[in-house]
1. Note down the relative contact order for the stretch 35-158 as a percent, whole number, built from C-alpha pairs under 8 angstrom at least six residues apart.
2. When all C-alpha to C-alpha distances in the chain are sorted into bins of 10 Å, what percent of pairs does each bin hold, rounded to whole numbers?
3. Loop-only check: which GluC sites (Glu not before Pro) in the stretch 204-292 are DSSP coil with at most 13 other Cβ within 10 angstrom?
4. Angle check, please: helix 347-365 long axis (alpha carbons) against the longest principal axis of the chain (alpha carbons), in degrees 0 to 90, nearest 10.
5. Per the helix-only calculation at 222 nm, which mean residue ellipticity applies to the chain, given -39500 (n - 2.57) for every DSSP H run of n ≥ 4 and division by its residues, nearest 500 deg cm²/dmol?
6. Across the chain, where is the longest run that never hits trypsin sites (Lys or Arg not before Pro) in a DSSP loop with at most 15 other C-beta atoms within 10 Å?
7. With charges set only on the Cβ (+1 for Lys and Arg, -1 for Asp and Glu), what does the dipole of the stretch 44-185 come to about its Cα centre, in debye to the nearest 20?
8. Could you go through the stretch 288-301 in sequence order and give the Karplus-derived ³J(HN,Hα) for each residue, using 6.51 cos²θ - 1.76 cosθ + 1.60 with θ = phi - 60°, rounded to whole Hz, and x for Gly and Pro?
Amino acid sequence: MTTANSLRISELAVCLSLFEVGSTTLFLMGGEAKQDAWLAMLAGALAGLLLLLIHLGIHHQEPELDLFLLFRRYMGKIMGTILNLMFVGYFAYEASRNLRDLSEVTVLTLLNRTPMWLITVITILVVSNTVRYGYRVLFLMCMILFPMMLLGYTLISILIPSTGIFHAELILPVLENGWKPIFKAAFPEIISFPFGQIVLFLVFYPYARKSRNFNKVVITAYIVTALALTFINQLIIFVLGTKIAAYSTLPLLETVQMIELTEVFERMDALFTLLLFLGLGIKIAAFFHGAVIGLERVTGVNYKKWVFAVGILLCGLSFLSPTYTEHIEVGRGVTLNYSSPIFQIFLPILLFVVILLKKRMNKKTTP
């Protein structure tokens with residue numbers, strides 16, 4: 001890979017940050033822990049940090065190889081191909097879930113008379129065009145959108161406490177029911193979404209320029225983003241309270257709609273909807289990239305030739321659930337608790353162990 005095509009560490013960090021934000025603000029995370037949702041978020045983020053350290057350890061063992069090439073080299077041709085296809089399926093499914101989320105939010109907030117299939121098709125056409133031009137365009141797009149998203153979420157975080165709708169006492173009592181509901185909310189749900197999803201970046205790490213500060217920058221970006229998400233998530237509790245927030249379809253949107261500071265800031269919901277669209281778009285594009293790069297590694301066919309086929313697949317997968325309620329139940333119930341941990345925790349740890357064992361064996365056999 002040439003230096004001209006490689007990514008700056010700052011670009012990688014910004015994309016990782018926006019990817020983590022993605023669709024996270026669409027939901028109330030850790031609602032089972034009620035007012036202690038912030039502790040559940042921090043517990044999930046800490047566990048996610050441990051996973052990130054494992055991912056970085058895997059990357060530094062073979063800095064030139066991405067996730068798919070690593071499985072191929074250390075798991076053998078047959079098993080490596082099977083695992084690679086499984087990851088392609090996982091990335092494609094996650095992209096389709098975010099595509100469905102974006103379509104549903106569009107219908108709920110802006111275009112309630114527009115057929116959802118039309119919104120889905122338009123979205124996938126736009127995202128496919130981004131994917132067709134390669135990972136450089138995705139990361140440059142993140143750099144362009146980052147100031148807008150940072151300003152938007154910062155403005156929301158400032159306005160909510162300053163408009164009289166913020167009730168800090170709703171965080172009390174802390175640990176009312178002990179640690180059990182906190183750990184139940186955090187493991188594995190909050191680890192799986194959003195923190196464990198950074199397993200995708202094992203595909204992108206080899207594209208970054210080599211730097212002594214690589215680990216430091218990536219870990220810092222992760223920690224800052226995790227703390228920001230924890231604060232934004234807790235804002236919902238501070239405004240709506242635990243009971244209303246738990247049953248709200250779009251809790252942060254409802255929170256933002258209550259902001260009425262002056263005539264200038266009476267429609268903050270439009271800003272939040274825009275931020276949500278951008279975050280979802282970035283997440284769809286990132287997972288979409290992961291899927292087509294994986295197919296290129298498995299088949300040897302250039303990823304650009306897979307964009308159209310995968311785009312059609314994503315549209316089809318996004319309609320697997322007939323209703324939005326079932327879509328959420330499948331995602332938050334089945335996917336996060338059963339399938340996601342396999343790809344985010346079990347397989348990366350297995351890969352790391354196999355790499356270390358094989359390298360140790362090679363050292364022993366080398367005279």
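Bear in mind that the values in this text are calculations on the coordinates, not laboratory data. As the structure is a computational prediction, the values presented were derived from the model and not from experiment. Because the Cβ atoms are built from the backbone with ideal geometry, glycine has one as well, and the counts that use them run over all protein chains shown.
1. Averaging sequence separation for qualifying contacts and normalising by length gives 9 percent for the stretch 35-158.
2. Per 10 Å bin, starting at 0, the Cα pair percentages come out as 5, 24, 34, 25, 10, 2, 0, 0.
3. Working: sites: E254, E260, E263, E266; in loops: E260, E266.
Passing both the DSSP loop test and the Cβ count: E266.
4. Between the helix axis and the principal axis of the chain, the angle is about 30 degrees.
5. -22000 deg cm²/dmol
6. Numbers: sites that count: R8, R113, R209, K210, R212, R267.
Here the longest run is 9-112.
7. Using Cβ point charges on Lys, Arg, Asp and Glu, the stretch 44-185 gives about 420 debye.
8. 3J(HN,Hα) across the stretch 288-301, in whole Hz: 4, 4, x, 5, 6, 5, x, 5, 5, 5, 6, 9, x, 8.
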